[in-house]
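S.K.: Before anything else, here's the structure in question.
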Amino acid sequence: MKLFLDSANIDQVKEIASWGVLDGVTTNPSLVAKEGKDFKETVLALCKLVPCVSAQVTATEFDDMVKQGEEYASWHKHVVVKVPMTTEGLKAIHYFTQHGIKTNTTLVFSVPQAILAAKAGATMISPFIGRLDDIGEDGMGLIAEIMEVWHHQQFTTEVLVASTRHPRHIVDAAALGAHICTIPYEVFKKLPQHPLTDSGLKKFLQDWEKTKK
Ligand code: G3P
């Protein structure tokens, strides 16, 4: 499973990329607005750090989505055009696919939406599991259903588990065979941590010091 960072913060991406485990970055208009920096400059900086950067169109009509997405794709070969899961979005995904532009379908909350995005040719789809959990639904259950459908179909679309909230989401996504998981910075920082690693290392180093006496 590929690991992406869900962030538009360059320092955060640099830090996690330095661990040697980062396959890509997802951004959205909210994450970009939070940083308050120029969008194109941000995307280009991210493209230098990782091989896959999702940049979301803000247009809602087909023609404008195509215009915006083609511009983003012209910036750098690492750009993946993120398109919302609407009927206009489906048309745009189909267009981009026919023109060799990679897409990530965002705001996927159901299996029918996932199937339609795959049929339109999406490179990846982003089911938002945390937001489903937030309203009392079963986010990981949606991933399980999508992976079951994918098991029986010939879809090449990658399933990118988004809106993750805690390390268990990453484990469960991997166990279900999801292709990608995008993870917020705060959650990513928790992944390498374990108290027994810390106490074990402390003890090893203390014992090593004793050999010098
Ligand atoms: O980037 C898309 C998705 O991961 C957003 O997550 O936490 O805003 O529900 P969240």
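The values are calculated or read from the model by the stated rules, or taken from the named source; none is laboratory data. It should be emphasised that the depicted structure is a prediction, and the values quoted were computed from it without experimental measurement. Methodologically, a virtual Cβ is constructed for each residue, glycine included, from the backbone with ideal geometry; neighbour enumeration extends over all protein chains shown. Note: accessible area is taken over every heavy atom of the protein model, side chains too, but ligands, DNA and RNA are not part of it. Shrake-Rupley method; radii C 1.70, N 1.55, O 1.52, S 1.80 Å.
S.K.: Out of 42, 87, I need the residue that is more than 16 Å from residue 124 (Cβ to Cβ) and exposed (fewer than 14 other Cβ atoms within 10 Å of the Cβ). Which one?
M.R.: The match here is 87.
S.K.: Say we look at region 160-177 and pick out the residues that are in contact with a strand residue (DSSP E or B) (Cβ under 6 Å, 6 or more places away or on another chain) and more than 11 Å from the ligand (Cβ to nearest atom); which of these is nearest to residue 116 (Cα to Cα)?
M.R.: 173
S.K.: Give me the pairs, please: first residue somewhere in region 26-38 and touching a residue at least 40 places away in the same chain (Cβ under 8 Å) and open to solvent by less than 60 Å² (accessible area, probe 1.4 Å), second residue anywhere and more than 7 Å from the ligand (Cβ to nearest atom) and among the charged types (D, E, K, R), beta-carbon distance under 8 Å, and either six or more positions apart or on two chains.
M.R.: Hits for this filter: 26/82; 27/82; 28/82.
S.K.: Right, something else. Residue under question is residue 142, and the condition is that it be under 15 Å from residue 129 (Cα atoms), open to solvent by less than 40 Å² (accessible area, probe 1.4 Å) and not small (Gly, Ala, Ser); does it hold?
M.R.: yes
S.K.: Assuming residue 59 fulfils every condition listed in (1) open to solvent by less than 70 Å² (accessible area, probe 1.4 Å); (2) in contact with a helix residue (DSSP H, G or I) (Cβ under 6 Å, 6 or more places away or on another chain); (3) in contact (Cβ under 8 Å) with a residue 12 or more places away in the chain; (4) more than 14 Å from the ligand (Cβ to nearest atom) apart from one, which condition is it?
M.R.: That leaves (3) as the condition not met.
S.K.: In the set 74, 54, which member is among the hydroxyl-bearing types (Ser, Thr, Tyr), in a helix (DSSP H, G or I) and either within 16 Å of the ligand (Cβ to nearest atom) or open to solvent by 60 Å² or more (accessible area, probe 1.4 Å) (or both)?
M.R.: 74
S.K.: Another question, then. Of all residues in region 103-127 being away from the ligand (no atom under 16 Å from the Cβ) and out of contact with any Leu (no Cβ under 9 Å at 6 or more places or on another chain), which is most open to solvent (accessible area, probe 1.4 Å)?
M.R.: In this case the residue turns out to be 112.
S.K.: Restricting attention to region 182-194, which residues are open to solvent by 100 Å² or more (accessible area, probe 1.4 Å) and not in a loop (DSSP other than H, G, I, E, B)?
M.R.: Once the filter is applied, which keeps residues that are open to solvent by 100 Å² or more (accessible area, probe 1.4 Å) and not in a loop (DSSP other than H, G, I, E, B), region 182-194 yields 186, 190.
S.K.: Hey, another quick one. Could you please give the count of residues in region 128-143 that are outside any loop (DSSP other than H, G, I, E, B), without any contact (Cβ under 8 Å) to a residue 12 or more places away in the chain and within 13 Å of the ligand (Cβ to nearest atom)?
M.R.: Residues in region 128-143 being outside any loop (DSSP other than H, G, I, E, B), without any contact (Cβ under 8 Å) to a residue 12 or more places away in the chain and within 13 Å of the ligand (Cβ to nearest atom): 1 in total.
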